[in-house]
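Read through the structure below, which is laid out as structure tokens, and then see the notes.
The values are calculated or read from the model by the stated rules, or taken from the named source; none is laboratory data. What you see is a predicted model; the values in this text were computed from it and never measured. Cβ: placed from backbone, ideal geometry, glycine included. Neighbour counts: every protein chain shown.
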Amino acid sequence: MENSYGLWPLVIINSLVFIIFAFSFTKPKTFRDWRSFGAFSAFIVALFTEMYGFPLTIYLFSGWLQTKFPGIDFFAHNSGHLFEDFLGWGGDPHFGPFHIASYILVIYGFTLLSRAWKVLYKAQSEHTLATTGPYARIRHPQYVGFVIIMFGFFLQWPTLLTLIMFPILVWMYTRLAKSEEKDSQKEFGPLWDEYANKTPAFIPRKKLTIN
């Protein structure tokens, strides 16, 4: 455990890298922006604290884990990829199915944040409604991007704290989205109503094909 964890410089460095990366794509301005960014940052810090600092989840469930999987040293760092352990993945967990899915989701989430920010920044500068790019498919691509990134990290390194935080943050982002929509309706009126009627909030509709 001493060799695998207690790496607090890595906790700080990794947390800062992903928080700054997310900040560069979102550039929060309003109190609502800072709330959503702050919640995401808290999730990232909790994640890397258990990944490199102190493995609270493994510590709390160490007895059960050793009983169910007696051949695994759960205080070895690679054993923190619990989903890979539970499925009996025998190779390097960094090349396991959950880790690969994690990479895909995290990269996609940050790409969505980046594309959405460009559209939103232009719309805010021109005091217009953001309806192009990712906003043409869903009304809240930035919140969806944050959720996708968090879920991707959870697949890679599941912990009790992030399991508790994830649904709470999804609920919080949903509330923030509804609050934003009320403001947009007041500002843009019928234009917002038309946009909202044809554009889903979080999950894009399948494109219809005409034979």
Residues of region 62-74 being crowded, with 18+ Cβ neighbours inside 10 Å and either in a loop (DSSP other than H, G, I, E, B) or in contact (Cβ under 8 Å) with a residue 24 or more places away in the chain (or both), which ones?
-> F74
Out of all the residues in region 91-139, which are within 30 Å of H81 (Cα to Cα) and aromatic (F, W, Y)?
-> F95, F98, Y103, Y108, F110
How about region 79-102: which of its residues are surrounded by 14 or more Cβ atoms within 10 Å (Cβ to Cβ) and either under 18 Å from N14 (Cβ atoms) or of a type in the set (K, R) (or both)?
-> G80, H81, P93, H99, S102
The one condition in (1) out of contact with any Leu (no Cβ under 7 Å at 6 or more places or on another chain); (2) modelled with pLDDT of 90 or more; (3) within 30 Å of S179 (Cα to Cα) that F43 fails to fulfil | (1)
So which of G38, G63, G6 ends up being small (G, A, S), at pLDDT 85 or above and at positive phi?
-> G6
When restricted to Y103, Y121, Y59, Y108, the only residue more than 20 Å from Q142 (Cα to Cα), among the aromatic types (F, W, Y) and part of a helix (DSSP H, G or I) is Y59
When you scan region 175-192, how many residues do you find that are over 13 Å from A130 (Cα atoms), of a type outside the set (S, T, N, Q) and either within 27 Å of the chain's Cα centre (by Cα) or in a helix (DSSP H, G or I) (or both)?
-> 8
Some residue of region 147-158 being loosely packed, with under 15 Cβ neighbours inside 10 Å and touching a residue at least 12 places away in the same chain (Cβ under 8 Å) = no
